[in-house]
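**Q** Following this message is one structure expressed as structure tokens.
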Amino acid sequence: MRSHTVYLTMNVPARMDFVNITRDVEKVVAASGVKEGLCLVNAMHITASVFINDDEPGLHEDYDRWLEELAPHEPISRYKHNRTGEDNGDAHLKRKVMGREVVVTVTGGKHDFGPWEQIFYGEFDGRRKKRVLVKIIGE
Amino acid sequence: MRSHTVYLTMNVPARMDFVNITRDVEKVVAASGVKEGLCLVNAMHITASVFINDDEPGLHEDYDRWLEELAPHEPISRYKHNRTGEDNGDAHLKRKVMGREVVVTVTGGKHDFGPWEQIFYGEFDGRRKKRVLVKIIGE
Amino acid sequence: MRSHTVYLTMNVPARMDFVNITRDVEKVVAASGVKEGLCLVNAMHITASVFINDDEPGLHEDYDRWLEELAPHEPISRYKHNRTGEDNGDAHLKRKVMGREVVVTVTGGKHDFGPWEQIFYGEFDGRRKKRVLVKIIGE
């Protein structure tokens with residue numbers, strides 16, 4: 001069994017944004033030498049997500065608005081978590097909706113994606129460095 | 001290490017519905033010859049889900065109503081994604097709530113499920129063919 | 001390839017609560033002898049979750065309140081699932097928001113977590129015994 005682990009560094013200038021990391025993950029798969037296996041991609045921070053959906057700007061605006069309705073950033077006092085001095089209570093909830101991780105296949109040395117599947121990093125408390133973990137196991 | 005990959009074809013006549021695919025996935029596990037491993041089951045389309053819950057019709061009606069409250073299908077103009085000519089903006093949000101994938105164990109050559117766990121395909125933009133990927137790795 | 005499977009027994013006295021199971025899962029990883037691999041942790045019951053977030057009491061209060069807003073426990077008659085004689089219709093929805101499972105890495109014989117990542121069991125219909133499955137595959 002082979003395994004291969006890489007950390008991607010993210011640095012999103014906005015508080016909330018989505019970044020397509022499909023190419024970065026594909027490079028890790030190619031470098032791993034794994035032909036058949038599974039690949040885990042997860043946010044290592046608890047106010048960020050990794051998820052799969054479409055790379056379409058209108059959809060990302062829909063996600064923004066929807067997440068803000070489900071878990072508004074303001075008022076800050078809305079969240080007991082913010083009593084710790086943080087202002088990211090909403091980000092912990094938004095990340096639950098969008099998810100922490102995806103598990104994707106490696107088949108014939110490549111991702112085995114449907115026609116529109118793209119891997120995104122979802123940032124909900126940005127303006128600082130965070131990491132994404134990519135780990136592949138297989139043969 | 002063994003690996004085994006199968007694609008299930010789904011064709012749901014309604015816009016939104018849930019289909020129990022547990023037996024289909026069990027057949028893939030049996031055919032794989034894997035005794036100990038992990039099994040990924042994911043929707044290959046971004047307006048569909050794979051998730052685990054109870055096969056109880058009342059619960060599925062509850063999911064229907066709840067998802068429609070969280071992300072109404074209409075008005076179509078509610079979603080910027082629909083400016084592309086699609087009418088499935090809501091389906092991209094519903095799929096986030098219900099999830100893209102499940103990872104389940106293979107133990108002693110079988111799924112190792114709790115008493116009520118059943119695997120479902122969740123369709124949010126049906127009336128066309130879509131695929132579900134099942135991949136097993138192990139020994 | 002090695003594999004190692006352990007069942008944790010949970011018995012949460014409240015209807016809804018969150019329990020930090022990080023140490024329990026770490027013990028399973030250590031006992032497995034796996035140095036490089038993947039670890040699946042999933043609730044075996046469909047009204048419970050396994051998820052990763054921060055061990056901060058204010059945040060857990062925020063999750064409580066938010067989940068109760070998204071899927072209120074009462075009135076019981078709100079959920080068609082409760083026609084079966086159950087009163088846990090809400091728990092099946094709450095569990096969807098919080099998720100069934102996490103997949104985490106094993107790197108150098110340990111979890112490879114970000115600074116605040118902790119594994120939680122989320123109970124939404126407690127006051128009885130339930131199980132969590134931990135399975136590790138790797139080498």
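The values are calculated or read from the model by the stated rules, or taken from the named source; none is laboratory data. Remember, predicted model here, so these are calculated numbers, not experimental data. With ideal geometry, Cβ positions are generated from the backbone for all residues, glycine too; neighbour counts draw on all protein chains shown. Accessible surface is based on the protein model in full, side chains and every heavy atom, while ligands, DNA and RNA are left aside. Shrake-Rupley method; radii C 1.70, N 1.55, O 1.52, S 1.80 Å.
**Q** Would you work out if the range A:55-100 is rounded, prolate or oblate? Take a ≥ b ≥ c from the square roots of the eigenvalues of the alpha-carbon gyration tensor; rounded if a/c is under 1.5, else prolate when a/b is larger than b/c, oblate otherwise.
**A** Cα axes put the range A:55-100 in the prolate bin.
**Q** Along Cα→Cβ at 7 Å, what distances in nm separate the C:Ile76 label point from those on the other copies, shortest first?
**A** Distances to the matching label points in the other copies: 4.4, 4.4 nm.
**Q** Across peptide C:80-93, what mean number of C-beta atoms from other chains lies inside 10 Å of a residue's C-beta?
**A** 4
**Q** Excluding ligands, DNA and RNA, what is the solvent-accessible area per residue of the range C:1-121 at a probe of 1.4 Å, expressed in Å²?
**A** Ligands and nucleic acids excluded, the figure is 37 Å² per residue.
**Q** Let me ask another. Counting only other chains, what is the mean number of Cβ atoms within 10 angstrom of the Cβ of each residue in peptide C:30-42?
**A** Across the residues of C:30-42, the mean count of other-chain Cβ atoms within 10 Å is 3.
**Q** Return the ratio Rg/(2.2 N^0.38 Å) for the range B:41-119, where Rg is computed over Cα atoms only.
**A** It is 1.34.
**Q** Then there is this: With 5 Å bins from zero, work out the P(r) of the range B:82-133 over every alpha carbon pair and list the percent per bin.
**A** Going out from 0 Å in 5 Å bins, the range B:82-133 shows 4, 13, 20, 21, 15, 11, 8, 4, 3, 1, 0 percent.
**Q** Here's something else I'd like to know. With solvent modelled as a 1.4 Å probe, how much accessible area in total do chains C and B shield from it at their shared surface, in Å² to the nearest 100?
**A** Buried area (both sides, nearest 100 Å²): 2700 Å².
**Q** Then there is this: To one decimal in nm, how far is A:Thr9 from the same spot in the other copies, if labels go 7 Å from Cα toward Cβ? Please give the shortest first.
**A** 4.8, 4.8
**Q** Give me the percent of the accessible area of chain B that comes from carbon and sulfur atoms, probe 1.4 Å, all protein chains in place.
**A** With neighbouring chains kept in place, the figure for chain B is 48 percent.
**Q** Let me ask something else about it. Quick check on the protein assembly as shown: helices-only [θ] at 222 nm, where DSSP H runs of length 4 and up contribute -39,500 (n - 2.57) each and the sum goes over total residues. Nearest 500, please.
**A** Calculated mean residue ellipticity at 222 nm is -8000 deg cm²/dmol.
**Q** In terms of the Cα gyration tensor, with a ≥ b ≥ c the square roots of its eigenvalues, is the range B:1-69 rounded because a/c is under 1.5, prolate because a/b exceeds b/c, or oblate?
**A** Here the range B:1-69 falls in the prolate category.
**Q** To continue, here is another question. Please identify, among B:Asn88, B:Asn11, B:Asn20, the residue showing maximal mean-square fluctuation in a Gaussian network model of chain B using a 10 angstrom Cα cutoff.
**A** Greatest mean-square fluctuation among the candidates belongs to B:Asn11.
**Q** If amide hydrogens are placed 1.01 Å from N in the peptide plane, which non-local residues have theirs closer than 5 Å to the one on C:Arg2?
**A** Long-range HN contacts for C:Arg2: C:Gly138, C:Glu139.
**Q** Still on this structure, please answer the following. At q = 0.13, 0.22 Å⁻¹, what log₁₀ I(q)/I(0) does a Debye calculation on the Cα points of the range C:3-139 give, no solvent, two decimals?
**A** After summing over all Cα pairs, the log10 values are -0.57, -1.28.
**Q** Where the centroid of each part is defined by its Cα atoms, how far is the range C:86-106 from the range C:112-139 in Å?
**A** Value for the Cα centre distance between the two parts: 11 Å.
**Q** Taking a ≥ b ≥ c as the square roots of the Cα gyration tensor eigenvalues, with a/c under 1.5 meaning rounded and otherwise prolate when a/b beats b/c, else oblate, which class fits the protein assembly as shown?
**A** rounded
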